[in-house]
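Remarks on the structure that follows.
The values are calculated or read from the model by the stated rules, or taken from the named source; none is laboratory data. For clarity, every value in this text was computed on a predicted model and none was experimentally measured. Here the Cβ positions follow ideal geometry from the backbone for every residue, glycine too, while neighbour counts run over all protein chains shown.
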Amino acid sequence: MTTYNLVATSAMGLEGIVADELKALGYTTQTENGKVYFEGNERDIARTNLWLRVADRVKIVVGSFRARTFEQLFEGVKALPWSDILPVDAEFPVSGKSVKSTLFSVPDCQAITKKAIVEQMKKSYMRLGFLEETGPKFKIEISILNDIATLTIDTSGTGLHKRGYRMDQGEAPLKETLAAALVYITKWKPNRPFVDPFCGSGTIALEAAMIGQNIAPGYNREFISEDWPFMKPEMWEEVRDEADKLADYDQLLDIVGTDIDHKMVEIAQKNADEAGFGNVIEFKQMQVLDFATYAENGVMIGNPPYGERIGEVEEIEDMIMGLGDMMKKYPSWSVYMLSSMENFENLYGRRTTKKRKLFNGFIRTDFYQFWGKRPKR
């Protein structure tokens, strides 16, 4: 097998969690903004695509070099070993981005990159005419940051947040990768009760269930690299079989998702049924302030509405104040809320134990963490 330089990309602020995931899988990592680098072979490409819950994509890093002129870009791209990865009939669309760099015209950079790859491929494969591009797809990206050009090939295809279970969603769904990150941050264990009082389409509860039963998030989906000649079908089958053996389908879970909107509860139930958790997670229509429990040491995670329309903010503020008052009755419970409201702590009536800045899409939010009292031993 070949050893590749690989990178797992992530949303800003989640790199540390992705690095922890990779370390848990046995890899040595190096972290930058939105990127975690590691090395691996073909099996590692399949394994990380299958198991990473918080990463956006896994990419092969073909090479990096300084490029301040189009000639430097062309020669730098041409010097990279494209024919070691791309078969002669590969379809290879090129996307691009440029930040704080001399070469700022992305369309020109894409065109020059494409031309340089074609030149290298034609020379390696001794072709005189056009390359047909009728074979498997390899999505290439040229990214230029501070005049350093980096060429990558996407091994995931559709983003890793697409688990394959979401049949439907609401107006502002939480990405599965962010939902998994929220669960990781709480350090929740499957022996503890778990509640999402703003469940929407059920994403946080579903990600918790997959973590609780150690189910690989990519088990029921396909990846673009499955079509590549050097990514053998039997290898993918072995990696999936390994994931199936590691899953603990018999692990009992106490996970509840509630929402005030009965339509969202129906959607969440459909998604749970599709994911195989129809009888594992309990979804029900309920207002958050109607929450009541006899359970101890539970975890509540929520993504309450942000209040974008007139009149909504006041309603949400009242709800947060009510939530803070209500949870005083459950001192052993830990409460974690993702919100864009900067006065959340004042409304809740308690200082956070910790607070973490996160981005929900392009919305800057904080993950407010109110830890419960530790249970007596």
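Quickly run through the stretch 208-235 and pick out the residues that are part of a helix (DSSP H, G or I) and touching an Asp or Glu at 6+ places or on another chain (Cβ under 6 Å). Before you say what the answer is, go through the steps one by one.
So in the stretch 208-235, the residues part of a helix (DSSP H, G or I) come out as 208-212, 224-227, 233-235.
Once the filter is applied, which keeps residues that are part of a helix (DSSP H, G or I) and touching an Asp or Glu at 6+ places or on another chain (Cβ under 6 Å), the stretch 208-235 yields nothing.
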> Out of (1) of a type outside the set (S, T, Y); (2) surrounded by 14 or more Cβ atoms within 10 Å (Cβ to Cβ); (3) in contact with a helix residue (DSSP H, G or I) (Cβ under 9 Å, 6 or more places away or on another chain); (4) farther than 30 Å from E176 by Cβ, the odd one out for V62 is which?
Replying inline: (4)
> Which residues, taken from the stretch 67-81, are over 30 Å from the mean Cα position of the chain (by Cα) and either outside the structural domain of S105 (by TED's automatic domain parsing) or not in a loop (DSSP other than H, G, I, E, B) (or both)?
Replying inline: F70, E71, Q72, L73, F74, E75, G76, K78
>> Among the numbered criteria (1) in contact (Cβ under 8 Å) with a residue 24 or more places away in the chain; (2) of a type in the set (K, R); (3) closer than 30 Å to I60 by Cβ, which one does K245 miss?
In response: (1)
> What is the number of the single condition among (1) on the phi < 0 side of the Ramachandran plot; (2) under 18 Å from the mean Cα position of the chain (by Cα) that C199 does not meet?
Replying inline: (2)
> Where in the stretch 88-186 are there strands (runs of 3 or more DSSP E), lying wholly inside it, with at least 3 residues that are over 24 Å from L6 (Cβ atoms)?
Replying inline: none
>> Exactly one of these conditions fails for G135: (1) in contact with a Pro (Cβ under 8 Å, 6 or more places away or on another chain); (2) under 30 Å from N214 (Cβ atoms). Give me its number.
In response: (2)
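Say whether the condition of being in contact with a Phe, Trp or Tyr (Cβ under 8 Å, 6 or more places away or on another chain) and of a type in the set (K, R) is met by at least one residue in the stretch 336-353. Talk me through it step by step, then tell me what you get.
Our first condition is that a residue be in contact with a Phe, Trp or Tyr (Cβ under 8 Å, 6 or more places away or on another chain); within the stretch 336-353, this holds for 336-341, 344-345, 348, 350, 352-353.
Filter once more, keeping what is of a type in the set (K, R): 350.
Yes, some residue in the stretch 336-353 is in contact with a Phe, Trp or Tyr (Cβ under 8 Å, 6 or more places away or on another chain) and of a type in the set (K, R).
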> Out of all the residues in the stretch 346-363, which are in contact with a Ser or Thr (Cβ under 8 Å, 6 or more places away or on another chain) and surrounded by 18 or more Cβ atoms within 10 Å (Cβ to Cβ)?
Replying inline: L358, N360
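Here is a yes/no grid of residues against (1) loosely packed, with under 14 Cβ neighbours inside 10 Å; (2) in a helix (DSSP H, G or I):
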{"position": "K270", "(1), (2)": "no, yes"}
{"position": "E274", "(1), (2)": "no, yes"}
{"position": "G278", "(1), (2)": "yes, no"}
{"position": "I301", "(1), (2)": "no, no"}
{"position": "P305", "(1), (2)": "no, no"}
{"position": "D318", "(1), (2)": "yes, yes"}
>> For the stretch 243-261, give me each residue that is touching a helix residue (DSSP H, G or I) at 6+ places or on another chain (Cβ under 8 Å) and either outside any loop (DSSP other than H, G, I, E, B) or crowded, with 18+ Cβ neighbours inside 10 Å (or both).
In response: A243, L253, I255, V256, G257, T258, D259
>> Here's a check for you: in the stretch 23-52, which residue that is part of a loop (DSSP other than H, G, I, E, B) and in contact (Cβ under 8 Å) with a residue 40 or more places away in the chain is farthest from the chain's Cα centre (by Cα)?
In response: N41
> Are any residues in the stretch 231-242 surrounded by 14 or more Cβ atoms within 10 Å (Cβ to Cβ) and not β-branched (V, I, T), and if so, which ones?
Replying inline: M231, K232, M235, W236, E238, R240, E242
>> With the requirement that a residue be within 18 Å of G298 (Cβ to Cβ) and either of a type in the set (F, W, Y) or not in a loop (DSSP other than H, G, I, E, B) (or both), what does the stretch 355-377 give you?
In response: F367, Y368, Q369, F370, W371
>> List pairs: first residue in the stretch 364-375 and surrounded by fewer than 18 Cβ atoms within 10 Å (Cβ to Cβ), second residue part of a strand (DSSP E or B) anywhere in the structure, Cβ distance under 6 angstrom, at least six positions apart or on different chains.
In response: Q369/Y336; Q369/K354; W371/S334
> So A243 fits all but one of (1) more than 16 Å from L50 (Cβ to Cβ); (2) under 20 Å from the mean Cα position of the chain (by Cα); what number is the exception?
Replying inline: (1)
> In the set E296, E345, which member is more than 21 Å from Q169 (Cα to Cα) and either among the β-branched types (V, I, T) or free of Cβ contacts under 8 Å to residues at least 24 places away in the same chain (or both)?
Replying inline: E345
> If you take the residues in the stretch 192-207 that are of a type outside the set (S, T, Y) and part of a loop (DSSP other than H, G, I, E, B), which one is surrounded by the fewest Cβ atoms within 10 Å (Cβ to Cβ)?
Replying inline: P193
> Out of the stretch 53-78, which residues are farther than 28 Å from K162 by Cβ and either free of Cβ contacts under 8 Å to residues at least 40 places away in the same chain or touching a Gly at 6+ places or on another chain (Cβ under 6 Å) (or both)?
Replying inline: F65, A67, T69, E71, Q72
